[in-house]
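Read through the structure below, which is laid out as structure tokens, and then see the notes.
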Amino acid sequence: MADKALIGRKLERAEHYLKQIGLKKDPGITLFVKDSDLQSIILFNLIQAIQACIDIGSHIISDSEWETPSTQAEIFEILASRKIITKALAQKMIRMAGFRNRIVHEYEKTDMRIVHTVWKKHSADIGRFCRAVVVKYNL
């Protein structure tokens, strides 16, 4: 059985990072690509929020003694197969994990236009993930 207190702490962490993102005013893409301070704030909080979701998923899977994922993508696939999240949300979170990996591991030069798009159009998926876990585990 998953440790609800641990999941709750990790959810609070993810929600904290999302809140920090939400406090920032979007200056528009033209100014965003020139504002390294805002870029750093958004990137840090996105990466941390995504990592919290990965950690939550890993914990749920481990404590439930389900199959061991070999990739971060598999974490979300397993959660979807076990009806913790929907398949559609799993696909979105897989893309988020890929985004996180590209930034953290510097697979390529960071395109701030993509960062801006993730911030403005896709960061809500992190909140959806958190709400799905809250509902599933009555937190």
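Filter the stretch 1-30 for residues that are in a loop (DSSP other than H, G, I, E, B) and at pLDDT below 95; which is farthest from Gly127 (Cα to Cα)?
So, considering only residues that are in a loop (DSSP other than H, G, I, E, B) and at pLDDT below 95, the one farthest from Gly127 (Cα to Cα) is Met1.
With the checklist (1) modelled with pLDDT under 95; (2) in contact with a Cys (Cβ under 9 Å, 6 or more places away or on another chain) in hand, flag the one item Tyr137 doesn't pass.
Of the numbered conditions (1) modelled with pLDDT under 95; (2) in contact with a Cys (Cβ under 9 Å, 6 or more places away or on another chain), the odd one out for Tyr137 is (2).
Look through Ser40, Ser58 and report the one residue that is modelled with pLDDT of 95 or more and exposed (fewer than 13 other Cβ atoms within 10 Å of the Cβ).
Ser40
Give Leu31, Leu46, Leu139, Leu89 a once-over and let me know the one that is surrounded by fewer than 20 Cβ atoms within 10 Å (Cβ to Cβ) and touching a residue at least 60 places away in the same chain (Cβ under 8 Å).
When all the criteria are applied, what remains is Leu139.
Of the residues in the stretch 60-82, how many are in a helix (DSSP H, G or I) and under 15 Å from Ala132 (Cβ atoms)?
Of the residues in the stretch 60-82, 9 are in a helix (DSSP H, G or I) and under 15 Å from Ala132 (Cβ atoms).
Taking Ile85, is it at pLDDT 95 or above, touching a Gly at 6+ places or on another chain (Cβ under 8 Å) and either over 16 Å from Ala14 (Cα atoms) or aliphatic (A, V, I, L, M) (or both)?
No.
Please enumerate the residues belonging to the stretch 44-88 that are within 14 Å of Ile126 (Cα to Cα) and among the charged types (D, E, K, R).
Result: Asp55, single match.
Take the stretch 31-59 and flag every residue that is assigned to a helix (DSSP H, G or I), more than 17 Å from the chain's Cα centre (by Cα) and charged (D, E, K, R).
Asp37
Of all residues in the stretch 54-76, which are free of Cβ contacts under 8 Å to residues at least 24 places away in the same chain, over 16 Å from Arg9 (Cβ atoms) and among the small types (Gly, Ala, Ser)?
Ser70
Look through Arg102, Arg82, Arg95 and report the one residue that is surrounded by 13 or more Cβ atoms within 10 Å (Cβ to Cβ) and free of Cβ contacts under 8 Å to residues at least 12 places away in the same chain.
Arg102
The values are calculated or read from the model by the stated rules, or taken from the named source; none is laboratory data. Values in this document were obtained by computation on a predicted structure and should not be read as measured data. Every residue, glycine among them, receives a Cβ derived from its backbone with ideal geometry; neighbour counts consider all protein chains shown.
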